[in-house]
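Shown next, in structure tokens, is the structure this report addresses.
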Amino acid sequence: MANEILFVGCDFNTVLTRRCGKKTKLFKLFAHPNGLDHARFGQTVAKKICPKAVSRNYMKRVIRHLFRQHATELKGLDVVLMHQTPFNTNNYKDVVSEFEYLIQAIQSCRDFSKF
């Protein structure tokens, strides 16, 4: 799992500057081909969006779980997810449906001709 996480700022910047992505009410998701046989994932939750650390950590934990479930669909991509609005256990189904929608939407980012 350690090599599946984007830690380095330049990796984040590479994905974000390419701007191949999609936006929903809860998330912005960006992707860029990484040339590897696995997906790498990073996410950001701003304190401005969600001031409480407990809530931010819950949000990140839920999304990491969803990423692990869909890692095979994202094979060969670096993915960065930016949280737009906070969520909690009450709207978990909305989170799952939006995440799955975004996963399907960014499949077009595999096309190297866009970069």
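The simple spin-label model puts a point 7 Å past each Cα toward its Cβ; for His38 and Asp111 those points are separated by 2.9 nm. Averaged over residues, the count of other Cβ atoms within 10 Å places the peptides 14-25, 51-62 in the sequence 14-25, 51-62, highest first.
Our Cα-only numbers for the stretch 2-114 put the radius of gyration and Dmax at 13.3, 41 Å. Projecting the Cα positions of Ser108, Met82, His65 onto the charge dipole of the stretch 2-114 (unit charges on Cβ atoms of Lys, Arg, Asp and Glu, taken about the Cα centre) puts Met82 furthest along the positive direction. Around the amide H of Phe41, modelled in the peptide plane, lie the amide H atoms of Ile5, Leu6, Val79, all under 5 Å away and 5 or more residues distant in sequence or on another chain.
Based on DSSP H segments of at least four residues, each scored -39500 (n - 2.57), the chain has a per-residue ellipticity at 222 nm of -11500 deg cm²/dmol.
Who wins for biggest fluctuation among Asp37, Asp78, Asp11 in a Gaussian network model of the chain, springs between alpha carbons below 10 Å? Checking each option, the largest mean-square fluctuation is seen for Asp37.
Throughout, read-outs are computed from the coordinates displayed, never taken from laboratory work. Quantities reported herein were computed from a predicted structural model and do not represent experimental measurements. We place every Cβ from the backbone using ideal geometry, glycine too, and count neighbours over all the protein chains shown.
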